[in-house]
1. Is it fair to say Lys510 is outside any helix (DSSP H, G or I), surrounded by fewer than 20 Cβ atoms within 10 Å (Cβ to Cβ) and either basic (Lys, Arg) or at pLDDT 95 or above (or both)?
2. Tell me which strands (runs of 3 or more DSSP E) are completely within the range 263-371 and hold 1 or more residues being crowded, with 22+ Cβ neighbours inside 10 Å and of a type in the set (Phe, Trp, Tyr), or say none if there are none.
3. Look at the range 1-60 and say how many of its residues are of a type in the set (Asp, Glu) and under 24 Å from Ala80 (Cα atoms).
4. Of the residues that sit in the range 192-228 and are among the charged types (D, E, K, R) and without any contact (Cβ under 8 Å) to a residue 60 or more places away in the chain, which one is nearest to Leu4 (Cα to Cα)?
5. Kindly indicate which of Ile240, Ile226 is outside any strand (DSSP E or B), among the hydrophobic types (A, V, I, L, M, F, W, C) and either assigned by TED's automatic domain parsing to the domain that holds Glu60 or at pLDDT 85 or above (or both).
6. Looking at (1) closer than 25 Å to Asp442 by Cα; (2) free of Cβ contacts under 8 Å to residues at least 40 places away in the same chain, which is the only condition Ile75 fails?
7. I'm trying to understand the selection: among the residues of the range 455-490, which are under 24 Å from Leu263 (Cβ atoms), of a type in the set (Asp, Glu) and surrounded by fewer than 24 Cβ atoms within 10 Å (Cβ to Cβ)?
Amino acid sequence: MAALLEMRGITKVFPGVRALDNVTLTVEPGEIHAICGENGAGKSTLMKVLSGIYPHGSYEGEIIYDGAMLANRSIRDSEAKGIIIIHQELALVPLLSIAENLFLGNEVAGKSSIGRGVISWPETFQKTEQLLAKVGLSDAPTTKVEKLGVGKQQLIEIAKALAKNVRLLILDEPTAALQENDSQKLLDLLLELKAQGVTSIIISHKLNEINRVADRVTVIRDGASISTLDKADITEDRIIRDMVGRDMANRYPARTPNVGEVLLEVQNWNVWHPEQAGRQMIKNVALNLRKGEIVGIAGLMGTGRTELAMSLFGRSYGKNISGHVKMAGRAVDCSTVSSAIAAGLSYVTEDRKSLGLVLDEPIARNITLANLEGISTRGVLDARRETQVADSYRTQLAIRTPNVFQKVVNLSGGNQQKVVLSKWLFTDPQVLILDEPTRGIDVGAKFEIYSIMNDLADQGRGVLMISSEMPELLGMCDRIYVMNEGAIVGELTRAEASQEKIMALILKGKEPHSKNVGENARKTKGRAA
């Protein structure tokens, strides 16, 4: 059987950077083909070439699709041939309905007496219901997208592709922002589409998901195609070796905890929804964090983990907030972001692109943005000092960039995350709250972020980590708090913790917080020793 797609010798050069170097990719009809590689390896660039975002003539090499030469001048050209790309940052319009989003730019025109080109809403709604049924959704076509969770929005993007008669579906990190249940639904849908004859290319860092659905895997490293593995040869160890160019026997760096006195203490913390009166988001939370300790917060998406973190950091979320925060035994004011920073708190957001970085600004400006006083003299910014500080963090955190004057938007996800960490380290925090610190970054960059976390703990700082990946929490944390419906429902030491125990606590849900929660914190130092 002839291949559906052949990309031969694809080379793409940006000013000063060879993003793709003679890449070859072959995709068979009806298969799910995974593409793996570290951040910055060239995976998304290759798919942008294929989908017409980088038009024919802007790259070297040739693309054969369905037996004919492909020369897309725009994304419309590729969509007309059934090649549809779904980006990691979803391209839906929040204030429009599901139906309007599905057919935006592809409107259903009826035979109206008013004239040709008038949208037929009855037909639009009918087709929307049919498409939603195909992806397993029962929401009304008139529902605004902003009312839906990320999991449903991802399925709507696939329904939108089906509306365009997709033949080759490209998904860039489709499950990066999804909790496990939603991820499984999406993967099941890909398998259903495969049975219907739709070919898929999936870019993912989640190797367990690749193992589950992929027929073949192509690994890209430093802009070059390294290997293509058949189903029988796909193993996580082999993929990692080809991705990073070395074996990684341990996913988490070794660390001997040296846990000290209580550093952060939160008592009776309550937070209400900023817009929905009567809805309590955080319910009487009590937790503590010691010097040199990494503590995790586990829970399903929507259980209040991020709301807790943001409310602690300068009341960035919520209203009618009550409770007490102590640092090293002394009550501190965390009512504003500036007062939280002054108290020794920092918060690395889960949404680094929208909330953590100014993408069109250089690395140096992003690193110093939260502590401009640190590079100022009598209120005047010192550009030389800013460069020195940024260069220092570039070296310490191994940010891969030619210089600190590069715009952050041009960095890989892992390097962007290091810039965010650098920004908050420059405020000299005692407690770092890390919200999904490794989301959307590859296994090699994850190891580097983990190593940075360990270094911070070794310096006597406290790290509070929110993560949806339970293996990550189990591999990194000295203790784990479990949240459900805005409350802490349990606490486990490293020795006690397991995925089964965490899920059991989550499923207990509404049962009162154990009287023993907090006792583990007092035992941690002895057990760690």
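1. Taking the combined requirement at face value, the residue satisfies it.
2. The qualifying strands (runs of 3 or more DSSP E) are 345-348.
3. Of the residues in that region, 4 qualify.
4. Glu192
5. Step by step, each of Ile240, Ile226 is checked, and only Ile240 is outside any strand (DSSP E or B), among the hydrophobic types (A, V, I, L, M, F, W, C) and either assigned by TED's automatic domain parsing to the domain that holds Glu60 or at pLDDT 85 or above (or both).
6. For Ile75, the exception is condition (1).
7. Selection gives Asp455, Asp458, Glu472.
One line per residue, one yes/no per condition, for (1) among the hydrophobic types (A, V, I, L, M, F, W, C); (2) closer than 23 Å to Leu187 by Cα; (3) at pLDDT 90 or above; (4) touching a Lys or Arg at 6+ places or on another chain (Cβ under 6 Å):
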site: Gly115; (1), (2), (3), (4): no, no, no, no
site: Ile119; (1), (2), (3), (4): yes, no, no, no
site: Lys127; (1), (2), (3), (4): no, no, yes, no
site: Gln130; (1), (2), (3), (4): no, yes, yes, no
site: Gly136; (1), (2), (3), (4): no, yes, no, no
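The values are calculated or read from the model by the stated rules, or taken from the named source; none is laboratory data. From a predicted model like this one, the values you see are computed outputs, not experimental measurements. Ideal geometry is used to build each Cβ from the backbone, glycine not excepted, and the neighbour counts take in all protein chains shown.
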